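**Q** Pasting a structure here, questions to come.
Every read-out reported here was derived from the displayed coordinates using simple, explicitly stated rules and does not represent laboratory data. Computed from a prediction, not measured in an experiment: that's the story for all the values here. We place every Cβ from the backbone using ideal geometry, glycine too, and count neighbours over all the protein chains shown.
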Amino acid sequence: MGTARLFSKVLHKEIDVHAAWMPVTNNFGLGDYGVISDGVFVKMGNIDEYGVSFTKATGKPTRIKFRSDGTSVRRFVGGAEINALPEDDIDAKLTIGFTAADSFYIDAHLSVEEIANLAQVARALRDADGWPRKYRVISAIYTGHNCTIISSRKADSSIEISGKASALRQLELGKAEAGLTVSAEDSVGLEVVGRTGVVGLRMFKLRALTGGPRILGQDEEDTDAGQETLLEQETPEELSDDI
């Protein structure tokens, strides 16, 4: 299984969203539509092309802090290993090791932006000329701020992150700062340290019969009072590739 699929599985398990691939460096936005290929979303356009607009809202922020089994973090100051980094501007180093291939170290504080009037948007898409109901649409984007995302390509790999002890301490709090130096071996895959960008996506598509929005991968169903169920669950197993 490729890194993209594995990353998406981690996000789905931990915070119930899908991967924005590549993480941080993509340009996804609300209302983007597309298909799933190789387990990740591929953008094809935006619903404004069909004359459909939406209202933006701020969702509840969250944090993902994930370590694959066998992942270790070692801290060094002046060549000596220590248990915790001090809040000092002295040179220090973190070594993150992976005992297994396809392991992850993820730490990100996530802000959330979402479509507020989702039912109205779904009705507009249902009535839009030429809209294929197979398309997935981004209804929420999860942006990681100064986040750290690292993965291993093979077993017994490691990455070293050097800088001031105070900055490395912030990294361990999920707020990696600029000025850190990363030394990675070829066996390390993803390497995002201290950067800001979209990490996760929530998506919907139109139901085949009624045209209501089906939230992809949501744990619970939402209903509108006095109406039929508009938001239905689609399990991760149902998110097969479209192409």
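**Q** Based only on other Cβ atoms within 10 Å, what is the fewest-to-most ordering of ARG207, ARG74, ARG136?
**A** With the fewest neighbours first, ARG207, ARG74, ARG136 line up as ARG74, ARG207, ARG136.
**Q** To continue, here is another question. Read phi for every residue in the stretch 25-37 and hand back ³J(HN,Hα) as whole Hz from Karplus 6.51 cos²θ - 1.76 cosθ + 1.60, θ = phi - 60°, with x for Gly and Pro.
**A** 8, 7, 10, 5, x, 4, x, 5, 10, x, 10, 9, 9
**Q** Say the dipole of the chain comes from +1 at the beta carbon of Lys and Arg and -1 at that of Asp and Glu; which of PHE41, VAL10, PRO23 then lies farthest toward its positive end?
**A** PRO23
**Q** Enter the angle in degrees (range 0 to 90, nearest 10) between the Cα long axis of helix 118-127 and the first principal axis of the Cα atoms of the chain, meaning the one along which they spread out most.
**A** Once rounded, one gets 50 degrees.
**Q** Here's something else I'd like to know. Quick one: among LYS13, LYS93, LYS175, which has the greatest mean-square fluctuation in a GNM of the chain with alpha-carbon springs under 10 angstrom?
**A** LYS13
**Q** Note down the nm distance, to one decimal, between modelled labels 7 Å out along Cα→Cβ at LYS13 and at VAL77.
**A** In this crude label model, LYS13 to VAL77 measures out at 3.4 nm.
**Q** Which residue, GLY59, GLY79, GLY174, has the most motion in a Gaussian network model of the chain that connects Cα atoms within less than 10 Å?
**A** Result: GLY79 has the largest fluctuation of those listed.
**Q** How many lysine pairs does the stretch 3-238 hold where the Cα atoms are under 17 Å apart and the two sit 8 or more places apart or on different chains?
**A** Going through the stretch 3-238 pair by pair, I get 9.
**Q** Also: For helix 3-15, report the angle its Cα long axis makes with the longest principal axis of the Cα atoms of the chain; keep it between 0 and 90° and round to the nearest 10°.
**A** Roughly 80 degrees, rounded to the nearest 10.
**Q** So, one more: Ranking SER157, SER162 by Cβ neighbours within 10 Å, fewest first, what do you get?
**A** SER162, SER157
**Q** In whole Å and largest first, what semi-axes does the C-alpha gyration tensor of the stretch 3-238 yield when each eigenvalue is scaled by 5 and square-rooted?
**A** Whole-Å semi-axes of the equivalent ellipsoid: 39, 17, 15.
**Q** Give me GLU114, GLU191 ranked fewest to most by other Cβ atoms within 10 Å of their Cβ, as a rough exposure proxy. Numbers along the way, then the final one.
**A** Details: GLU114 19, GLU191 14.
The fewest-first ordering by Cβ neighbours comes to GLU191, GLU114.
**Q** I'm a student and want to see the number: the projected area of the Cα convex hull of the stretch 13-132, averaged over all directions, in nm².
**A** Reported value for the Cα convex hull: 11.1 nm².
**Q** Quick one: Cα centre-to-centre distance for the stretch 57-73 and the stretch 25-56, in angstrom?
**A** Cα centres, the stretch 57-73 to the stretch 25-56: 24 Å.
**Q** Using the charge dipole of the stretch 73-147 (Lys, Arg: +1 at Cβ; Asp, Glu: -1 at Cβ; taken about the Cα centre), state which of ALA119, GLY78, HIS145 has its Cα farthest towards the positive end.
**A** Positive-most Cα among the choices belongs to ALA119.
**Q** Would you kindly state how much longer the chain becomes between SER37 and ASP88 on full extension, computed as 0.36 nm times their sequence separation minus their alpha carbon distance, in nm to one decimal?
**A** Extra length available between SER37 and ASP88 comes to 13.7 nm.
**Q** Report the antiparallel proportion of the DSSP beta bridges in the chain as a percent, rounded to a multiple of 5.
**A** 95
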